[in-house]
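Engineer: Below are the structure tokens for one structure; questions will follow.
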Amino acid sequence: MKLLIFDSYETQSQAVADAILSQVARKPESVLCLATGDSPLRTYQLLVEKAKAVRMDFSMTHFVALDEWVGIPPDNSGSCKYFLTKNLFGPLAISSDRIHLFDALTSDIKSECAAMDDIIQDLGGIDLMLVGIGINGHVGFNEPGVSTELYSHVIQLDEVTQKVGQKYFKERVEIKEGITLGFQHIRQTKMVLLIANGSKKAEIITKMLEGEITSDCPASILRKHSNSYVYLDSLAATNLS
Ligand code: GLP
């Protein structure tokens, strides 16, 4: 795992956007798995700007889901699908047959998980995954204590996640479960980038990087990935020894 620390959220986001663009330039048919949330927002804005400036061709690139709130419809502005469509797929004009997201309203969530696992396998695996980190150490919706042997699965959301997650929604919603890729996917992904910024992430970043490697802090498992990169701004890195 490599650690990169930037002086600001802006320079950090520039670097992550450049890493994604280089991946697509190197391999236009890449399979990308990109997180939602506040952390990667600027990355996506810059990615769109840069991609348009160099006329980057995304027509062969595939996008797979990282996670979704179970029971939240895709037209709710707090859903992961809404976020990615608004900030990435729409502006980059990605064709819908290249977008593979979880259906969080399905009545057969087990089949939904199996279908996502099949899609990823059929595409030859994920080339690049960009994840954030929750203040409880979660990655996607791999919550503290999760089994690291899982592929796609549904999980009971941690109380912290249920509380913090309200920030994405205009009105209070019940968010009790999440559907997410599992650590087996993360382990098999060719390159994993984690992005964290701001002082609110400083404590969990120290735990992730300097504490025990344990599923109690799921992000710490990334330290065992041979091609993982952690992008921090100076605020998130404040407590590191
Ligand atoms: C959310 C998502 C994660 C995200 C993380 C951090 O609940 N499920 O995929 O990376 O929590 O979010 P943020 O970047 O808004 O801090």
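The values are calculated or read from the model by the stated rules, or taken from the named source; none is laboratory data. None of these values were measured; they are calculated from a predicted model. Positions of Cβ are backbone-derived with ideal geometry, glycine not excepted, and every protein chain shown enters the neighbour counts. To get the accessible areas, we keep the full protein, side chains included, count just its heavy atoms, and leave off ligands, DNA and RNA. Shrake-Rupley method; radii C 1.70, N 1.55, O 1.52, S 1.80 Å.
Engineer: Can you compute the modelled spin-label distance between ASP118 and VAL54, with each label point 7 Å from Cα toward Cβ, in nm?
Structural biologist: About 3.6 nm separates the two model spin labels.
Engineer: While we're on this one: How much length, in nm to one decimal, is gained on full extension between LEU41 and ASP18, taken as 0.36 nm per residue of separation minus their Cα-Cα distance?
Structural biologist: Stretched out fully, the LEU41 to ASP18 stretch lengthens by 6.9 nm.
Engineer: Follow-up. Using only helices, what value at 222 nm comes out for the chain when you add -39,500 (n - 2.57) per DSSP H run of length 4 or more and divide by the total residues, to the nearest 500 deg cm²/dmol?
Structural biologist: Counting only the DSSP helices, I get -8500 deg cm²/dmol.
Engineer: Any of LYS110/LYS190; LYS52/LYS163; LYS201/LYS224; LYS52/LYS207; LYS2/LYS170 with alpha carbons more than 31 Å apart? Name them for me.
Structural biologist: In this structure, LYS52/LYS163; LYS52/LYS207; LYS2/LYS170 lie more than 31 Å apart at Cα.
Engineer: Along Cα→Cβ, 7 Å out, is where each label goes; now give me the distance between the ones at ALA93 and ARG26 in nm to one decimal.
Structural biologist: Reported label-point gap for ALA93 and ARG26 is 2.8 nm.
Engineer: Moving on. What part of the accessible area of the chain, given as a whole %, is carbon or sulfur when the probe is 1.4 angstrom?
Structural biologist: Carbon-and-sulfur percentage of accessible area, whole number: 50.
Engineer: Also, quick follow-up: What relative contact order, as a whole-number percentage, does the range 62-173 give when Cα pairs under 8 Å and 6 or more residues apart are counted?
Structural biologist: Over the range 62-173, the number comes to 26 percent.
Engineer: Further question on the same structure: What translational diffusion coefficient, in µm²/s and rounded to a whole number, does the Stokes-Einstein relation yield for the range 144-241 at 20 °C and a viscosity of 1.002 mPa s, taking the hydrodynamic radius as the Kirkwood radius over Cα pairs?
Structural biologist: D, rounded to a whole number, is 145 µm²/s.
Engineer: Ok, one more. Over its Cα atoms, what ratio of radius of gyration to 2.2 N^0.38 Å does the range 105-148 give?
Structural biologist: 1.40
Engineer: Around ASP127, with a cut-off of 15 angstrom between Cβ atoms, what is the net charge of the other residues, counting Lys and Arg +1 and Asp and Glu -1?
Structural biologist: Working: positive: ARG26, LYS27, ARG98, ARG187, LYS190; negative: GLU29, ASP122.
Within the 15 Å Cβ shell, the charges total +3.
Engineer: Follow-up. Note down the magnitude of the dipole of the chain about its Cα centre, charges +1 on Lys and Arg C-beta and -1 on Asp and Glu C-beta and zero elsewhere, to the nearest 20 debye.
Structural biologist: Dipole magnitude for the chain comes out near 660 debye.
Engineer: Continuing with the same structure: Need one number: % antiparallel among DSSP beta bridges in the range 105-241, to the nearest 5. Don't skip to the end; give the middle numbers.
Structural biologist: On the way: 5 of 14 bridges.
DSSP beta bridges in the range 105-241 are roughly 35 percent antiparallel.
Engineer: Next question, about the same structure. Note the full-extension length gain between LEU3 and LYS167 as 0.36 nm times their separation in residues minus their Cα-Cα distance, in nm to one decimal.
Structural biologist: Result: 56.2 nm gained on full extension.
Engineer: Further, regarding this structure: So how strong a dipole does the range 54-176 carry about its Cα centre when Lys and Arg Cβ are +1 and Asp and Glu Cβ are -1, to the nearest 20 debye? Walk me through the intermediate numbers first.
Structural biologist: Working: 10 positive and 18 negative charges, 123 e Å.
Dipole size: approximately 600 debye.
Engineer: Now, a different point. Along Cα→Cβ, 7 Å out, is where each label goes; now give me the distance between the ones at LEU150 and THR106 in nm to one decimal.
Structural biologist: Label at LEU150, label at THR106, 1.5 nm between them.
Engineer: Let me ask something else about it. Can you pull the three principal axis extents for the Cα set of the chain, in Å, largest first?
Structural biologist: 45, 42, 36
Engineer: Something else about it: If you roll a 1.4 Å probe over the heavy atoms of the protein chains, what accessible area per residue do you get for the chain, in Å²?
Structural biologist: Per-residue value: 45 Å².
Engineer: How far is the Cα center of the range 1-76 from the Cα center of the range 83-152, in Å?
Structural biologist: Distance between centres, Cα-based: 14 Å.
Engineer: Next question. Over the range 121-186, calculate the relative contact order: mean separation of alpha carbon pairs under 8 Å at least 6 apart, over the residue count, as a percent.
Structural biologist: Once normalised by length, the contact order is 37 percent.
Engineer: With +1 assigned to the C-beta of every Lys and Arg and -1 to the C-beta of every Asp and Glu, and no other charges, what is the dipole magnitude of the range 179-241 about the Cα centre in debye, to the nearest 20?
Structural biologist: 220
Engineer: Something else about it: Given the C-alpha atoms of the range 72-166, compute the convex hull and give its volume per residue in Å³.
Structural biologist: Value for the range 72-166: 129 Å³ per residue.
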